[in-house]
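Colleague: Below: one structure in structure tokens.
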Amino acid sequence: MDPEQKTTTFFYVDDDSDDLSFFQEAADEIGKTVRLFELGDDMIFSLKNPPPLPSVVFLDLNMPIKNGFEILQEIRASETFRNIPIVVYSTSNGIDTIIKCFELGANLFITKAISIAGLKKAIMHVAEIDWDNFKPDLKSFVYKV
């Protein structure tokens, strides 16, 4: 990825319009730019047709047509996009799900926040990570809101 094309825009894909609105509200309140997508293929299309390129992709797991695991695998299989940080942001937080996300190459796992304050805190945490040097293990992989 050309560093000149990289922005501080977050991409967030989720089929739930309420979750998208909630995320947009939190991002707006802390001055972060986010592009929202209801379908994984729409986000993949946007990745392939910048600008902008995201600084981080937030990814829901439970979506129709193409689920978050499939999107994660598609991004990680791409030479061009494999280094974009991916944060799984999902209500599915069982240990098997978390381990699968880790093994597929996600960089961080966050269980969906139930409050705007919790979501803002999570987004700020993600924004402050030095992704070039962050190497998660299973303990640092899960962020607790």
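Read-outs: derived from the displayed coordinates by stated rules, not from any lab. Since this is a predicted model, take the numbers as computed values, not measurements. We place every Cβ from the backbone using ideal geometry, glycine too, and count neighbours over all the protein chains shown.
Colleague: Tell me the label-point distance for the pair S115, L39, using the 7 Å Cα-to-Cβ offset, in nm and rounded to one decimal.
Modeller: 3.7 nm
Colleague: Quickly estimate the mean residue ellipticity at 222 nm for the chain, helices only: each DSSP H run with n ≥ 4 gives -39500 (n - 2.57), and the total goes over all residues, rounded to 500. Numbers along the way, then the final one.
Modeller: On the way: 6 runs with 59 residues, N = 145.
Mean residue ellipticity at 222 nm (helix-derived): -12000 deg cm²/dmol.
Colleague: When the chain is treated as a GNM, springs tying every alpha-carbon pair under 10 Å, which of P85, P52, P64 comes out with the largest mean-square fluctuation?
Modeller: P64
Colleague: Would you kindly derive the ³J(HN,Hα) couplings of the stretch 53-64 from the backbone phi angles with the Karplus curve 6.51 cos²θ - 1.76 cosθ + 1.60 (θ = phi - 60°), listing them in order in whole Hz, with x for Gly and Pro?
Modeller: 9, x, 7, 8, 9, 9, 9, 7, 8, 8, 9, x
Colleague: Can you give the direction-averaged projected area of the convex hull of the alpha-carbon atoms in the stretch 3-143, in nm²?
Modeller: On the way: hull surface 31.1 nm².
Average projection, Cα convex hull of the stretch 3-143: 7.8 nm².
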